[in-house]
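A.B. asks: The structure is given below, and queries will be raised subsequently.
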Amino acid sequence: MSEVKRKRYKKKRYVLPIILITLLVIIRLSLPYFIKNYVNKVLADIPGYYGQVDDIDLSIIRGAYTIHGMYLNTVKANSEIPFLDFKKTDISVEWNALFHGKIVSEIQMSEPTIIYVFEDQQDTTGQADTEDWSKALTDLVPIDINQLTIENGKFAFLQLQADPNIDLNLSKVQLSASNLRNVVEKTRTLPSTIHATATSIGNGDVLLDGEMNLVKEIPDMDISFSLQNANATALNDFTKYYAGIDFEEGSFDLFGELAIADGYMKGSFKPILKDAKLIGKDDGFLKTLWEGFVGFFKFVLKNHKQDTLATKIPVEGDLNNVKTKILPTVTRIFRNAWIQAYSDVVDDDLNYHDAIEGADKHKQ
């Protein structure tokens with residue numbers, strides 16, 4: 001081989017690797033741009049909503065991408081408060097699941113905020129649907145979600161046209177949900193677990209624990225939750241607007257259980273007011289008269305030994321026709337007042353098998 005041909009061969013030998021490396025670098029640098037455009041297009045195509053993301057980071061080695069600054073709001077929103085505001089969402093392959101023969105993902109969300117502004121959402125009637133935006137966000141994840149973690153989240157309900165404005169919220173939300181796609185423990189009826197804590201309005205302590213099966217179209221579940229030691233005065237904006245009363249002092253608890261089997265639900269909610277005082281010294285005459293009227297029934301219906309006003313609200317039925325039972329709710333108010341005070345704990349008298357029995361009876 002001549003010297004000239006040998007030099008040409010050496011040059012060609014390096015040209016192909018250089019071209020391939022250059023193409024890979026270009027593709028790597030371009031991928032975040034294309035992914036960002038894809039995500040923004042998905043958000044823009046949700047009926048009745050608009051949204052976008054600020055930036056996307058890509059990590060090919062660990063099979064992940066991170067979405068920064070994603071928000072979503074209604075098209076006809078009168079306020080500038082985003083419906084969804086997710087500061088950082090990390091979506092990655094769950095490597096542990098590969099040992100079980102499944103390719104699934106895990107999501108870690110940092111400081112996600114969901115704010116339901118009542119007036120904004122009412123304007124979307126007939127145009128937007130919860131299923132539309134929830135499905136669109138799920139479609140942003142290329143593979144099934146198996147693990148979900150939320151750190152320092154916030155969920156809120158706002159009604160801005162109320163006077164005063166109503167703001168019911170949960171802050172400092174910490175949530176972990178595992179085995180959502182039933183990768184492990186496949187023989188269990190409820191293979192997925194969920195645990196969450198939060199701080200409610202009035203600085204109450206919120207706790208939720210449960211087991212689920214999300215693989216089914218209508219998920220089966222068995223969960224319990226509690227809200228304890230919330231300052232009742234924090235509810236005043238809500239109670240003033242809807243009932244014309246406010247609290248001068250007192251605390252508020254809420255305990256509940258919920259079981260679903262084959263689309264049939266059984267549950268109960270137990271609100272408890274402790275040491276509550278309704279009438280303030282600066283109230284006007286008509287307002288004082290109304291609060292005194294309510295206060296009379298509060299006096300008659302409360303358990304005076306423990307100074308609690310409580311009831312237990314059962315909920316049962318097909319998920320397409322869930323109804324609150326009014327009569328048992330009323331009778332249980334008197335039960336608390338005159339027979340036995342409800343204890344300030346989750347009763348733990350409902351479970352998944354109760355829902356199964358209800359589902360079997362409903363099918364007959």
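The values are calculated or read from the model by the stated rules, or taken from the named source; none is laboratory data. Just so you know, these numbers come straight off a predicted model, no measurement behind them. Methodologically, a virtual Cβ is constructed for each residue, glycine included, from the backbone with ideal geometry; neighbour enumeration extends over all protein chains shown.
A.B. asks: Residues of segment 307-321 being among the acidic types (Asp, Glu) and modelled with pLDDT of 75 or more, which ones?
C.D. replies: Across segment 307-321, the qualifying residues are Glu316, Asp318.
A.B. asks: Is it true that Val39 is in contact (Cβ under 8 Å) with a residue 24 or more places away in the chain and under 23 Å from the mean Cα position of the chain (by Cα)?
C.D. replies: Against the criterion (in contact (Cβ under 8 Å) with a residue 24 or more places away in the chain and under 23 Å from the mean Cα position of the chain (by Cα)), Val39 qualifies.
A.B. asks: Given the structure, is Asn96 surrounded by fewer than 16 Cβ atoms within 10 Å (Cβ to Cβ) and either over 30 Å from Gln159 (Cβ atoms) or modelled with pLDDT under 75 (or both)?
C.D. replies: yes
A.B. asks: All but one of (1) assigned to a helix (DSSP H, G or I); (2) over 15 Å from the mean Cα position of the chain (by Cα); (3) polar (S, T, N, Q) hold for Asn182, so report the exception by its number.
C.D. replies: (1)
Listed here are the residues, each with its yes/no results for (1) crowded, with 17+ Cβ neighbours inside 10 Å; (2) among the small types (Gly, Ala, Ser); (3) at pLDDT below 95; (4) assigned to a strand (DSSP E or B).
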| position | (1), (2), (3), (4) |
| --- | --- |
| Gly101 | no, yes, yes, no |
| Tyr116 | no, no, yes, yes |
| Thr125 | no, no, yes, no |
| Asp132 | no, no, yes, no |
| Ala177 | yes, yes, yes, yes |
